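Structure, as structure tokens:
The values are calculated or read from the model by the stated rules, or taken from the named source; none is laboratory data. From a predicted model like this one, the values you see are computed outputs, not experimental measurements. So basically every Cβ, Gly included, is an ideal-geometry build from the backbone, and we count neighbours across all protein chains shown. Accessible surface is based on the protein model in full, side chains and every heavy atom, while ligands, DNA and RNA are left aside. Shrake-Rupley method; radii C 1.70, N 1.55, O 1.52, S 1.80 Å.
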Amino acid sequence: MARILSGDDVTRLLNDDSENARAETAVKIATDFGGEELSPAERAIAEDVLRRLLSDASVRVRKALAESLKSCPLLPPDMAQALARDVDEVAVPILESSPVLTDADLEALLREATPLKQTAMAGRAQVSEALADALVGTGHGEVVARLVANPGAQISEGALTRVLDKFGSREDVTTPLVHRERLPIAVAERLLTLVSDALRQHLVVCHDLPPQLAADVVLQTRERAIVGMLGEG
């Protein structure tokens, strides 16, 4: 960004009829805004331009803005929330990565979020237990699958139990669950009845389950299946 942007510069940049040029401007100013080289006066001018770009009619321009600001710790919270409430294309990078959004912000945004936005939240580098609980409560399989596959998500035993109650038959949920670093014993034991032999072995080895328990579970599962088939006959 030219040091210092003048009023004429701002007018020219915002009135450019070319979508490509406005998107490039959004990237350039947003990138410089996240640096430490700007003076207070320059930062104020840059923020003014960014705020105007928030309402650009082009989704491409707003998406470029979001992509460039998604990791910026200096992004004003109200701008982060405005981007997070935009259409999915624009909101996803911010919801997935912005350090500016607090747990309270995310939980409030979750109530009005589309499944794609919820999935983005489930993939954040750190997901608190409260937010994870709310994400499980959405009831969307894709959201839950991404959440349980996220090593940075803190998921309570109660939430994991609800996950198995609703999605225990989905491999895209049970497989990453098996591979989580830590599982409550009760959850690991339930997974023994839901997954393949190879995954059972992983549960036994990595979650300190007694091998005999896995063998007993397999036997009980087979016995129930046989009884079920006889009952149908």
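Things to note:
- Filtering region 61-76 to residues that are under 12 Å from residue 86 (Cα atoms) and open to solvent by 50 Å² or more (accessible area, probe 1.4 Å) leaves only 63.
- Residue count for region 181-193 under the criterion of being in contact with a helix residue (DSSP H, G or I) (Cβ under 8 Å, 6 or more places away or on another chain), surrounded by fewer than 19 Cβ atoms within 10 Å (Cβ to Cβ) and not β-branched (Val, Ile, Thr): the result is 3.
- Residues of region 7-44 classified as at pLDDT below 80 and not in a loop (DSSP other than H, G, I, E, B), total: 9
- Scope region 126-151; condition within 18 Å of residue 183 (Cβ to Cβ) and of a type in the set (Asp, Glu); matching residues: 129, 133
- Residue in region 81-93 that is part of a loop (DSSP other than H, G, I, E, B) and on the phi > 0 side of the Ramachandran plot present: no
- Restricting region 97-125 to residues that are basic (Lys, Arg) and within 8 Å of the chain's Cα centre (by Cα), the residue that is surrounded by the most Cβ atoms within 10 Å (Cβ to Cβ): 117
- Qualifying positions in region 136-163 - in a helix (DSSP H, G or I) and open to solvent by less than 10 Å² (accessible area, probe 1.4 Å): 141, 143, 144, 147, 148, 159, 160, 163
- Conditions (1) assigned to a loop (DSSP other than H, G, I, E, B); (2) modelled with pLDDT of 65 or more: number failed by residue 4: (2)
- Selection status of residue 87, aliphatic (A, V, I, L, M), in contact with a Lys or Arg (Cβ under 9 Å, 6 or more places away or on another chain) and open to solvent by 40 Å² or more (accessible area, probe 1.4 Å): yes
- Single residue of region 45-74 satisfying the filter (assigned to a loop (DSSP other than H, G, I, E, B), of a type outside the set (D, E, K, R) and over 17 Å from residue 35 (Cβ atoms)) that is farthest from the chain's Cα centre (by Cα): 57
- Flag for residue 94 being crowded, with 21+ Cβ neighbours inside 10 Å and modelled with pLDDT under 90: no
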